[in-house]
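First the structure, in the form of structure tokens, and then the observations on it.
The values are calculated or read from the model by the stated rules, or taken from the named source; none is laboratory data. Just so it is clear, the model here is predicted, and its values are computed rather than measured. All Cβ positions, glycine included, derive from the backbone under ideal geometry; neighbour counts span all protein chains shown. Note: areas computed on protein heavy atoms with side chains; ligands, DNA, RNA excluded. Shrake-Rupley method; radii C 1.70, N 1.55, O 1.52, S 1.80 Å.
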Amino acid sequence: MSEAREGDKIPVTVLTGYLGAGKTTLLNRILSEPHGKRYAVVVNEFGEIGIDNELVVGADEEVFEMNNGCICCTVRGDLIRIIEGLMRRKGKFDAIIVETTGLADPAPVAQTFFVDEDVQKVARLDAVVTVADARWLAHRLRDAPEAKNQIAFADVIVINKIDLVSPAELREVEARIRAINPYATLHRAQNCDVALADVLERRAFDLDRILDIEPDFLVAEDHDHDHDHGHAHEHHGLKHYHDEDMQSVSIRLDGDVDPAKFMPWINRVTQEQGPNILRCKGIVAMKNDPKRFVFQGVHMMLDGDSQRAWRADEKRESKVVFIGRNLEEEAIRAGFLACAA
Amino acid sequence: MTDGQATTSLAQHVRAFDAGGEAVAAAFLGDQPALALADGVVRLGEPDDAKRIAVHPGAAILVTVCDGATLATGGDDGRVVAVGADGVARQIADEKGRWIDALALRGESVAWSAGKAVMARDEAGVVRTWAAPSSVRGLAFQPKGYRLAATHYNGATLWFPKVEGAPQTLEWKGAHLDATFSPDGRFLVTSMQENALHGWRLVDSRNMRMTGYPGKTRSLAWSHDGNWLATSGAEASVVWPFKDKDGPMGKAPRECGVREARVTRVAFHPRALVLAIGYADGMVLLCRLADAAEILVRRPGGGPVGALCWDARGARLLFGLESGEAGLLDLPG
């Protein structure tokens with residue numbers, strides 16, 4: 001397969017969500033809107049898609065361990081095969097949507113795009129979109145580790161079925177989500193009625209788009225006018241929860257870091273704690289480097305590059321974020337701060 | 001050698017033509033060149049006079065196999081189709097839309113897989129099925145006997161379709177892709193997800209690891225005498241020695257056609273130790289194994305070579321690029 005330029009690569013949206021949350025509803029919505037785009041859809045069960053779409057491919061969710069000494073390095077073997085096959089229809093579709101089963105871990109899907117060279121040449125992961133059931137998510141976060149993984153991993157979370165909960169319950173579930181993943185963009189929906197632009201073409205894994213990693217505490221104001229009118233200030237007074245096993249760690253360092261310290265440190269942290277780290281990202285000011293260094297990772301896999309130059313009006317500071325399970329927060333914090341130049 | 005500067009060139013003996021689509025496999029059906037295209041079409045015949053046969057209308061060709069008389073294709077329409085020298089496409093199987101992931105052909109026998117399901121049709125037309133432990137990516141018939149190798153996750157399985165009882169499993173951790181038997185049937189070699197080849201000596205299931213590739217090896221070719229296995233996936237064709245009873249174990253492979261471009265396709269000459277090599281940058285070279293002497297067939301340009309094949313006599317070499325550019329070399333004299 002020939003090497004495509006980044007912009008020519010086929011974007012792949014991964015659609016996750018626990019059983020019954022409304023993934024198929026969102027998928028059917030995406031396919032039925034008059035957007036003029038052609039999607040290749042990878043599904044686990046045929047027959048659920050109500051739309052005639054000629055490119056629907058059945059997947060087997062075969063998770064393969066890679067023989068590279070990395071215990072958490074798993075990929076979706078079937079997805080590698082499917083993307084290779086889909087490229088035989090190059091030019092006949094604009095994007096790929098991968099729907100996972102309700103119990104799936106999104107990591108092997110995401111890692112497929114880091115690990116497999118042939119996949120990497122032709123396709124790029126656009127975003128992990130998780131559909132959450134407003135009424136049941138809080139329960140699932142207690143009893144289903146898969147549901148927690150899907151929330152922790154997400155770039156975009158669609159809180160669906162908000163018509164079935166009270167405003168107070170909705171704020172409660174949002175706070176639960178934020179306790180696990182403060183960085184995903186949240187959208188409230190009934191019947192997954194989100195704008196397609198909110199879930200597609202997000203470029204969440206694009207290093208050039210890691211512009212800001214401030215926590216997104218403000219819920220996107222798309223569907224909540226009726227619900228929360230007059231109570232908007234409560235968004236800012238969000239209840240804070242602490243999830244027992246899934247956390248995010250965010251560390252800011254004023255000024256520059258020493259690349260000779262930082263690079264070994266970030267590699268060591270992701271190697272040693274990789275199985276527990278679901279996602280990480282950062283914007284780093286390297287000593288003597290006029291450009292911002294940005295990175296992001298999934299478990300042990302890291303992708304980093306020099307990005308645009310720091311602007312004159314911009315404060316040179318470094319910030320890293322980790323989302324994961326049972327993270328050794330104090331050690332990570334101390335380790336990063338010790339990288340100061 | 002520097003790119004395009006070969007002292008010896010056969011480029012003037014190449015008839016360049018437009019295949020009309022991305023070439024995914026080259027073959028000769030009798031004397032007729034044939035190119036399988038990604039868009040479900042097979043072009044059959046001389047460059048200026050090639051028939052256009054829609055073997056998978058509106059669909060894509062995913063896998064192909066050719067034995068010199070028949071070109072079989074498997075599509076994302078779930079169909080397996082065979083094209084003969086007469087240009088007629090005959091349907092062998094219809095798996096109801098399930099993608100055909102692998103194909104094998106030997107004589108009158110044909111085998112195909114869709115996901116975990118492996119189907120083998122014998123010379124009498126009887127189809128038998130076997131369920132693999134995970135999706136099958138490669139199939140190959142053993143040179144003698146009605147026995148099929150199927151690759152899957154964590155190994156390969158040898159299956160006698162006509163024999164009751166459990167097939168023999170050859171285990172090796174990781175995902176196995178393409179499969180090929182050595183011509184004498186002593187070895188089974190698979191390409192792997194991890195940029196490596198794996199082999200088994202069948203007499204004792206001894207493992208052979210062939211590693212060091214920067215990319216996946218998706219093209220494998222045996223020399224006519226069965227002593228060498230040429231491979232793609234590196235910036236040279238890595239050629240493994242299989243003459244001795246231990247195969248390549250403990251021996252260094254040869255390298256043919258070292259360049260700064262990845263080898264995408266290899267094809268051994270059917271009568272001489274000369275290897276045709278297609279590269280990711282569109283170059284095609286012939287390389288003599290004995291002294292690594294190179295002869296230019298096509299200069300770089302136009303993108304990866306996706307298809308490469310000799311005719312049975314070794315007088316003609318057919319190649320096709322992903323771009324749809326193609327060429328037919330007639331060896332002089």
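Count of lysine pairs in chain B with Cα atoms under 29 Å apart, counting only pairs 8 or more residues apart in sequence or on different chains?
22
Give the interface area between chains B and A as buried accessible surface, both sides summed, probe 1.4 Å, in Å² to the nearest 100. Please report the intermediate quantities before stating the final value.
Working: alone 13740 and 15400 Å², together 26880 Å².
Chains B and A together bury roughly 2300 Å² of accessible area.
Tell me the accessible surface of B:Ser205 in square angstrom (1.4 angstrom probe, heavy atoms of protein chains only), to the nearest ten.
40
Once amide H atoms are placed 1.01 Å from N in the peptide plane, what residues at a sequence separation of 5 or more from A:Thr130, or on another chain, have their amide H within under 5 Å of its amide H?
Here A:Thr16, A:Asp155, A:Val156, A:Ile157, A:Val158 satisfy the definition.
Using only helices, what value at 222 nm comes out for the protein assembly as shown when you add -39,500 (n - 2.57) per DSSP H run of length 4 or more and divide by the total residues, to the nearest 500 deg cm²/dmol? Walk me through the intermediate numbers first.
On the way: 11 runs with 98 residues, N = 674.
-4000 deg cm²/dmol, from helical runs alone.
Of the heavy-atom accessible surface of the range B:1-91 (probe 1.4 angstrom), what whole percent is carbon and sulfur?
On the way: 1720 of 3610 Å².
Summing carbon and sulfur atoms, their accessible area is 48 percent of the total for the range B:1-91.
Give me the residues in the range B:76-119 whose solvent-accessible area, probe 1.4 Å, is reduced by at least 50 Å² once all protein chains are included instead of the chain isolated.
With the partner chains in place, the range B:76-119 has these residues losing at least 50 Å²: B:Trp99.
Roughly how far apart, in whole Å, are the Cα centres of the range B:180-216 and the range B:257-288?
20
How many nm is it between the label spots at A:Arg142 and A:Asn288, if each spot is 7 Å from the Cα in line with the beta carbon?
Placing both labels 7 Å beyond Cα along the Cβ direction yields 5.7 nm.
So if I take the alpha carbon set of the range B:61-135, get Rg, then get Rh from the Kirkwood formula, what is the Rg over Rh ratio?
Details: Rg = 11.6 Å, Rh = 12.2 Å.
Using Cα coordinates only, the ratio equals 0.95.
Relative contact order of the range A:246-337: what whole-number percent is it, with Cα pairs under 8 angstrom and at least 6 residues apart?
Details: 174 pairs, mean separation 38.4, N = 92.
Reported relative contact order: 42 percent.
Using all Cα-Cα distances in chain B, what percent lands in each 20 angstrom bin from 0 up to the longest?
Spelled out per bin, shortest first, that is 33, 60, 7.
Give the Rg/Rh ratio for the range A:139-200, taking Rg as the radius of gyration of the Cα atoms and Rh as the Kirkwood radius, to two decimals. Could the numbers behind the result be given before it?
Working: Rg = 11.5 Å, Rh = 12.1 Å.
Reported Rg/Rh (Cα atoms, Kirkwood Rh): 0.95.
If I histogram all Cα-Cα distances within the range A:246-337 using bins 10 Å wide from 0, what percent of pairs lands in each bin?
Going out from 0 Å in 10 Å bins, the range A:246-337 shows 17, 53, 25, 4 percent.
Compute a Gaussian network model of chain B, connecting alpha carbons closer than 10 Å, and tell me which residue from B:Asp184, B:Asp67, B:Asp244 fluctuates the most.
B:Asp244
Residues of the range B:176-207 that become at least 40 Å² less accessible with every protein chain present than in their own chain isolated, using 1.4 Å: which are they?
SASA drop of 40 Å² or more in the range B:176-207: B:Gln193, B:Glu194.
For the range B:281-333, just list the percent of Cα-Cα distances falling in each 10 Å bin from zero outward, please.
Whole-percent P(r) values from 0 Å outward: 23, 53, 23, 1.
Taking R0 as 22 Å, what's the FRET efficiency between B:Lys173 and B:Met249 from their Cβ-Cβ distance, rounded to 0.05? Each step should come with its number before you reach the end.
Numbers: r = 19 Å, r/R0 = 0.84.
Using R0 = 22 Å, I get an efficiency of 0.75.
For the range B:133-196, which whole percent of the accessible surface, found with a 1.4 angstrom probe, sits on carbon and sulfur atoms?
Details: 1190 of 2270 Å².
Whole-percent figure for carbon plus sulfur exposure: 53.
Counting only heavy atoms of protein chains, what accessible area per residue, in Å², does the protein assembly as shown have with a probe of 1.4 Å?
On the way: 26880 Å² over 674 residues.
Per-residue accessible area for the protein assembly as shown comes out at 40 Å².
Work out the FRET efficiency for A:Arg268 and A:Asp305 from their Cβ-Cβ distance, taking R0 = 30 Å, and round it to the nearest 0.05.
On the way: r = 20 Å, r/R0 = 0.66.
Approximately 0.90, to the nearest 0.05.
In whole Hz and in residue order, list the ³J(HN,Hα) couplings for the range A:194-199 that follow from phi through the Karplus curve 6.51 cos²θ - 1.76 cosθ + 1.60, θ = phi - 60°; x for Gly and Pro.
With the stated coefficients, the range A:194-199 comes to 8, 5, 4, 5, 7, 10 Hz.
Tell me, how many Å apart are the Cα centres for the range B:110-133 and for the range A:104-165?
37
What percentage of all Cα-Cα pairs in the range A:79-148 are separated by more than 19 Å?
Numbers: 1060 of 2415 pairs.
When every Cα pair of the range A:79-148 is considered, 44 percent fall beyond 19 Å.
At 1.4 Å probe size, with the rest of the protein present, what percent of the exposed accessible area of the range A:246-337 is carbon and sulfur atoms?
The nonpolar share, carbon plus sulfur, comes to 48 percent.
Could you give the Stokes-Einstein D for the range B:60-197 in µm² per second, using the C-alpha Kirkwood radius, 37 °C, 0.692 mPa s? All intermediate terms of the calculation are to be shown ahead of the outcome.
Working: Rh = 14.9 Å.
Stokes-Einstein gives a translational diffusion coefficient of 220 µm²/s.
Sorted from largest down, give the three principal axis spans of the alpha carbons of the protein assembly as shown, whole angstrom values.
Result for the protein assembly as shown: principal-axis Cα extents of 88, 55, 50 Å.
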